[in-house]
Amino acid sequence: MTPARGASREWALVGLAWLAIAVCATVWMAIDTRPPEWDHATHLERAVTCARDLAAGDWRMILTRSSFYPPVVPCAAGVVYRLLPTDAAAAEIVMLLFLAAGMAATYALGRALAGGTAGVAAAWIFGTAPFVVFSALRFQLDLPLATLVVTSVLLLVRTDGFTRPGWSVLAGLVFGVGMLTKPPFAAYLLPAVVWVIFREHRRRAVANAALAALVAAAVGLAWYGPRVVGMPRQIALRAVTHGAEEGKPPTLSATALAFYPTSLFMQLGVLATALLLAGIVVALMRRDGFVVVAFVAPFVLFVLLRNKDLRYTLPLLPLAAVLGGMAVAALGPHLRRVALGVLVLVGVVQISAVAWAVPPSRTLPGLGVPWVLPSRPVRADWRQRDFLRMIVQDRAGRPATVSVVPNDNYFSVSNFRYYAVRDQLPLHLTRPWDGEPLGIDYMILKSGDQGPDFTEAKSRRVIERLARDPALARVYPVIADLPLPDGSTGTLRARRIGDGVAAAPETLARTLEAALRQRVGEVARDLDALDIGLAYDAEITRGRVRRLEVTARAAAIGELRARDAPTLRVHDLKVVIDDVLVNPYALEAGRVQVLDVGRFRLERMEVAAADVQAFVAGFKAFRGSRVHLGPGWIDVVVEQPGPDLAARVRVVPAADRPFGLAVDRARVGWLPLPRLLVDWVARNYDPTGQIAARLAFPVEVARVATSEQAIRVGD
């Protein structure tokens, strides 16, 4: 057989394997009716919004919608969505296309390193790996990332040690696309790049590698430019902090260290894992450490990170498959054919076990993990669209804020928000409320399971609060109960005041003022000359107060219920709150529950320069930072690992937030930043956007003036 005919036959075998997976996935998608889970729902939501942004030609929104997830995969689905009637079908097409490209690149890499047999075996191992099949049924970023990782490693081979400029430029282009797929891409690729450069030891290789890096930077500049300073902090947050919050075991504990090695059996498959280990031995015996380093180094890195998820090592499975393919290729001709036949049989069994739970999953002896993650299609309606439709009808099409209390994978704020965005409903979906349901028009609750352990407490707190507070339950009566597929009940509560209470308006006003004085300790202490004024009429019996004015000669304000919360010492304070809605049933009982606010306006306040410095230094993220006031400006120095950031800012009016910050100049260390980069860097430190996003009602701030002595609000 000629090499050309042999290669064509091999490509056909890879294509047939992908076609079998694609047919299986298509049938599965046609049957399964479950809502998308958590990140799956979030990425589908972004695909829908990107399709609309593309239709409107709004490239700025495409680049700014997400602070962490780049737009390549969601917008690829958005492009297909514009041509198809459903976003779910568009997303699955994109996943299958990435799978096809990943299998092709895996075959090509295996063939380049160890021949056609290794390539075919590697493509089959990767395509039929249990966790790859599982992931192909869900719209996530990790399978596309795996495709970009193996394609990049293949192009590294094609650069011949970065000695071929054309291939180096192409490699840089793909590197850039990989970074626009998901930020951790660099962690998967960097060890292989370093290996190639150190093995080559030539100036030409270093120059071509630098050229590839420049091309990659140019590709990712538009998206990463505004995020370049804040991205390391976001990655650290996800890699370490989230792991601790979710109760993941300590990094060096036996459980943590064993998580990924034992999980390989259900990610890659039992047979493929054995071939992987054999392939590592084969590669080392041949003194071919390239693909071993490309797989092992990032694998060890993720083993040592606190936050762990099977998705995080999925991008390494193509490289593991190539090592497995090298083990198959090292066998004799007869054994190679037998091994390929066994791989086909095992692959079919794995696809069936994942997609149809036939054969059923079993726990592997001694490892404590299942041999596959079964995910048979389920025809189940979790009633998200029914709940949302009832809210829209009840609200007569007016905007509303809805708190989704549970965090069940099929019944959470993520999939409710996805359906609301897809159906273009005027609803704002939020997580469980804390403290008081301020600004919440509707609550969606669920009996039974509330979701993962690390979020369950928030959901239970809301459920228990409604159970033990009759006044709160009365103002949020149940308007619908719907059965859910897991045997639980979904409940919709709506804010209803009714006819109010029978107490006299004057009595209620005195009660409200007294209750507010008691509650003010939650947000202020060391109060001097506190005064609370009310403007009300008969509507106070239904909880409505026209105006509330709060003044104080001095106070220390902050989120005092939070542990170690910094406080800001202020003077000459005046706050005006219009159209206040309180719970009249709680007020009748002598308590205050604020339910909504029409407008909150900071009319007057003065903060001394020393108190501004103390407040900023009180935040853990800005500890050690320095603030200096001047006439019309504020100089800020942010201390951080590496060079410090220094900037001169002005407080300016803003339409979409209480106030804005304009940066006149900035420098990193001793290096002044060009005007274009100033705004990019400032975005990562500007807290005003986060402040606005957390507000449950409109907030206005009077004119702000600064001098060397103080910041003054109002006249």
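Where a number appears in this text, it was derived from the coordinates with a stated rule and is not lab data. Quantities reported herein were computed from a predicted structural model and do not represent experimental measurements. All Cβ positions, even for glycine, are placed from backbone atoms using ideal geometry, and neighbour counts span all protein chains on display.
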Protection proxy (average C-beta count within 10 Å per residue), highest first, orders 573-584, 469-480 as 573-584, 469-480
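For the chain, what does the relative contact order come out to in percent, with C-alpha contacts under 8 Å and a separation of six or more?
Averaging sequence separation for qualifying contacts and normalising by length gives 10 percent for the chain.
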Let me check I've understood the local charge: for ASP526, count other residues with C-beta under 13 angstrom from its C-beta, Lys and Arg +1, Asp and Glu -1. What total comes out? +1
Rounded if a/c is under 1.5, else prolate if a/b is larger than b/c, else oblate: which is the stretch 317-360, with a ≥ b ≥ c the root eigenvalues of its Cα gyration tensor? oblate
Degrees, to the nearest 10: 270-285 long Cα axis against longest axis of the chain: 70
Arrange TYR418, TYR536, TYR107 by Cβ neighbour counts within 10 Å, fewest through most, would you? TYR536, TYR418, TYR107
Using the charge dipole of the chain (Lys, Arg: +1 at Cβ; Asp, Glu: -1 at Cβ; taken about the Cα centre), state which of ALA502, GLY289, LEU189 has its Cα farthest towards the positive end. GLY289
In debye, nearest 20: dipole of the stretch 19-82 around its Cα centre with unit charges on the Cβ of K, R (+) and D, E (-)? 180
Could you tell me which residue out of LEU661, ALA710, ILE634 lies farthest along the dipole of the stretch 628-715 toward its positive end? Charges go on the beta carbon: Lys and Arg +1, Asp and Glu -1, centred on the Cα centre. LEU661
Quick one: net charge of TYR188's neighbours, Cβ under 13 Å, K/R +1, D/E -1? +1
Arranged by the count of other C-beta atoms within 10 angstrom, fewest first, what order do HIS334, HIS628, HIS571 take? HIS334, HIS628, HIS571
Quick check for me: using +1 on Lys/Arg Cβ and -1 on Asp/Glu Cβ, what's the dipole size of the stretch 551-701 about its Cα centre, in debye to the nearest 20? 340
Isotropically averaged projected area of the stretch 109-198, using the convex hull of Cα atoms (one quarter of hull area), nm²: 6.2
Using distinct alpha-carbon pairs, which all enter the 1/r mean, Kirkwood radius of the chain in Å: 28.9
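Could the peptides 280-290, 137-147 be put in order, highest first, of the mean number of other beta-carbon atoms found within 10 Å of their residues?
With the highest mean Cβ count within 10 Å placed first, the list reads 137-147, 280-290.
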Under the rule a/c < 1.5 gives rounded, and otherwise a/b versus b/c splits prolate from oblate, where does the stretch 164-278 land using the Cα gyration tensor? oblate
Is the stretch 250-305 rounded, prolate or oblate when judged by the Cα gyration tensor, a ≥ b ≥ c being the square roots of its eigenvalues, rounded requiring a/c under 1.5 and prolate requiring a/b larger than b/c? oblate
Quick one: angle between helix 72-81 and the longest Cα principal axis of the chain, in degrees between 0 and 90, rounded to 10, please. 90
How much mean residue ellipticity at 222 nm does the chain get from its helices, if each DSSP H run of length 4 or more adds -39500 (n - 2.57) and you divide by all residues, to the nearest 500 deg cm²/dmol? -16000 deg cm²/dmol
Once both axes come from the Cα atoms, what is the angle between helix 333-356 and the longest principal axis of the chain, in degrees from 0 to 90, rounded to 10? 30
Can you tally the net charge around VAL462? Count Lys and Arg as +1, Asp and Glu as -1, for every other residue whose Cβ sits under 13 Å from the Cβ of VAL462. +3
Please work out the C-alpha center-to-center distance from the stretch 134-148 to the stretch 295-331 and express it in whole Å. 15
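Given Cα positions, please report Rg to Rh for the stretch 495-610, the hydrodynamic radius being the Kirkwood one.
1.01
Pulled fully out, how much extra length does the chain show between LEU83 and ASP664, if you take 0.36 nm times their separation in residues and subtract their Cα-Cα distance?
Computed gain between LEU83 and ASP664 is 204.7 nm.
Determine, for TRP124, TRP371, the number of other Cβ atoms within 10 Å of each Cβ, and report the residues in order from fewest to most.
TRP371, TRP124
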Given PRO74, GLY57, VAL14, which one lies farthest toward the positive end of the charge dipole of the stretch 1-122, if we put +1 on the Cβ of every Lys and Arg and -1 on the Cβ of every Asp and Glu? VAL14
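So how do 172-182, 523-533, 604-614 stack up, highest first, on mean other-Cβ count within 10 Å?
Result, highest mean first: 172-182, 604-614, 523-533.
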Taking only the alpha-carbon atoms of the stretch 401-560, the convex hull volume per residue, in cubic angstrom, is 153
Just to confirm my numbers, what's the Cα centroid distance between the stretch 1-78 and the stretch 473-507 in Å? 42
Please give the charge dipole size of the chain, origin at the Cα centre, charges +1 on K and R Cβ atoms and -1 on D and E Cβ atoms. Round to the nearest 20 debye. 1880
